[in-house]
Each structure stands twice: as C-alpha cells, then as structure tokens.
1. Going by the conditions given, is L228 closer than 23 Å to Q175 by Cα, at pLDDT below 90, surrounded by fewer than 17 Cβ atoms within 10 Å (Cβ to Cβ) and not aromatic (F, W, Y)?
2. Being under 25 Å from R264 (Cα atoms), out of contact with any Lys or Arg (no Cβ under 6 Å at 6 or more places or on another chain) and either without any contact (Cβ under 8 Å) to a residue 60 or more places away in the chain or among the aliphatic types (A, V, I, L, M) (or both), is that true of even one residue in segment 73-83?
3. Does G272 satisfy being crowded, with 19+ Cβ neighbours inside 10 Å and on the phi > 0 side of the Ramachandran plot?
4. Are there any pairs with C-beta distances below 9 angstrom linking a residue in segment 141-170 that is aromatic (F, W, Y) to a residue that is surrounded by 15 or more Cβ atoms within 10 Å (Cβ to Cβ), with the two at least 6 apart or on different chains, and if so which?
5. Just checking, does segment 203-214 include any residue being in the same structural domain as N123 (by TED's automatic domain parsing), among the β-branched types (V, I, T) and closer than 24 Å to F38 by Cα?
6. Return yes when D103 is buried (at least 16 other Cβ atoms within 10 Å of the Cβ) and farther than 25 Å from K280 by Cβ and no when it is not.
7. Among what's in segment 206-224 and is crowded, with 23+ Cβ neighbours inside 10 Å and hydrophobic (A, V, I, L, M, F, W, C), pick the residue that is nearest to R188 (Cα to Cα).
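The values are calculated or read from the model by the stated rules, or taken from the named source; none is laboratory data. These numbers were taken from a predicted model, which means no experiment stands behind them. Positions of Cβ are generated from backbone atoms using ideal geometry, with glycine treated the same way; all protein chains shown enter the neighbour counts.
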Amino acid sequence: MLDSFILTLSCRNRPGIVATVATHLFQFDANIQEAQQFDDEESGRFFMRVVFSFVRESATLAVLRQSFVAVANTFGMEWSVRSRAERQRVLILVSRFDHCLTDVLYRWRVGELAMDIVGILSNYPRETYEGLDLGDIPFDYLPITRETKSAQETKTWQIVQERRVDLVVLARYMQILSDDLSTKLSGRCINIHHSFLPGFKGAKPYHQAFERGVKLIGATAHYVTSDLDEGPIIEQDVERISHTDLPEDLVRKGRDIERRVLARAIAWHLDGRVLLNASKAIVFRD
C-alpha cells in the first residue's frame, strides 16, 4: 500500500485556490484520495484538507514540500504537509479521575488512536492508578500547591520540550494552566470539559445540572487558551436524561460522554482534521 500524506492550509479566500493546489499535486505525481474545503463567508478565509499519495516511487514529500512554498506564498497560506503514517508524540495530564485516561490507553493499545504516548503526568502519585496497566509509559508525579504551581509548570514545559511532545491531552486534569503555559501550547493542547459549554462551569457541574432540572447533559473537547474554558471547540456531545435520574446517574452518564468526546477530538487532531479559525475550529469529520 502506498504511503499517504496530509496537506492542510488556510488563507484569505479568492478564486483559483482549489484548482492551483490540485494542479500542483498532479504535476508532482500526486493522486488526490480525499479533499475537503470550507469557505468561511463571515471571516473571508478558506480552509482545505487534502489526502494524497504519490503514483511514482521516485516522487518524494521533500521535493513537493519545497515546491509548494511558491503556491503558499502566492495565496498567503498557512500550511503544513506530513506523512499520514507519522505518529505524533502525546503527553497525557491527569488528576484523580481516571476514566478518560483508561479509555485513551485502551484506544491507543488497540490501534484506534495512532500515536506514541511519551508520558503521563499527574498531580497525584502513581499509586492512584494502581488498577491501570501503565506499562513502561514514563510517569511523572508533580504535586501542585499554590506555592509550587509555577515551578511545577516549568517542569511540565521542560518535559514537553525534552520529549518533543506534539500534543498535550488534559484527560480530566483538574488544574488550570497558566496563561504562559497555555500560550506555549497553543493549538496543541486538548481539554475535556465535564459540561456542555458554556453552561455549568466550575465545581460539580452535574450537580448544578441536577439542581436546574436539565433534560440534556454533555461534554466539550476544546483547545486550551488563556481564556478559561473558552478555547476553540473541537467536539461536543449530549445525552438525554429524565426527572428520575439522580446526581450519581448524571455523573455516570457524563463519564461516558467525556470519554467518547475526548477520543474523537484526539483522533481528529491526529489525522489533521482540525484547523483553527480564530476563536473557532474547523473540523473536517471523516
């Protein structure tokens, strides 16, 4: 099977972008396997994701990448191209609740999430997860207090750099990242929020929902920004509940939603399906 590659781009919309990109790929012996595009009429920006393979073994990504610079400059594109087989290096941050971590590890082990987990970082000791098979994944215990938060974030950033982390996943990591760290991880840090944003922020969201008698609960996966829980939303899902459901029922159902929403967001990010559009995210779902 031929290797496939992912080209993503965004720029100000104008006629000829699709034609130029397709022609350029054709000229460099590339066969388009999948193409999605979106014209945001509100912002005037154009977004595109193309999956392609080379029809000749002598064609190379390096040559195509170098030649595409001229196309990108013509249209003022922000773009990237990489092999679809290239596995991103992922660091998982988690606190006491381990249901999202458990789910991510399972999907990773069965090959559903094609990535390399280069570490698990927690503000709780490893013994907290003694029921999980963490294998030989490096585990870093960085307890956080008001006095140690800055120093521990410095260590977190060092880990990100030393292990060449491509994506940070907050799998119910119950610590607020500083503005500085959020900025450094811009566009490559995904959080799962235990409510259907923007409603029911803060502590015990499902209890808040119960008190309000809501009929739907949900979860939100979004990129982390310095604006708390206001980053570009990648995925959301909901589940219907009734007056017979108690707070513990909402918590149980909420855990299920959180797991599947986070998994989708990670998978789409890894496959180059998410492009940032200011405060929003363009998601080319499969």
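1. Working: closer than 23 Å to Q175 by Cα: yes; at pLDDT below 90: yes; surrounded by fewer than 17 Cβ atoms within 10 Å (Cβ to Cβ): yes; not aromatic (F, W, Y): yes.
In short, yes.
2. No, that holds for no residue.
3. Details: crowded, with 19+ Cβ neighbours inside 10 Å: yes; on the phi > 0 side of the Ramachandran plot: yes.
Yes.
4. Short answer, once both residue conditions are applied: Y141/L121; Y141/S122; Y141/N123; Y141/Y124; W157/L181; W157/K184; W157/L185.
5. Within segment 203-214 (the criterion being in the same structural domain as N123 (by TED's automatic domain parsing), among the β-branched types (V, I, T) and closer than 24 Å to F38 by Cα), the answer is no, since none of the residues qualifies.
6. On the way: buried (at least 16 other Cβ atoms within 10 Å of the Cβ): yes; farther than 25 Å from K280 by Cβ: yes.
Considered against the rule, which asks whether it is buried (at least 16 other Cβ atoms within 10 Å of the Cβ) and farther than 25 Å from K280 by Cβ, D103 comes out as yes.
7. V224
A quick yes/no check of all residues on (1) surrounded by fewer than 16 Cβ atoms within 10 Å (Cβ to Cβ); (2) touching a Leu at 6+ places or on another chain (Cβ under 9 Å); (3) modelled with pLDDT of 95 or more:
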{"site": "F26", "(1), (2), (3)": "yes, no, yes"}
{"site": "R45", "(1), (2), (3)": "no, no, yes"}
{"site": "V50", "(1), (2), (3)": "no, yes, yes"}
{"site": "A59", "(1), (2), (3)": "yes, no, no"}
{"site": "D116", "(1), (2), (3)": "yes, no, yes"}
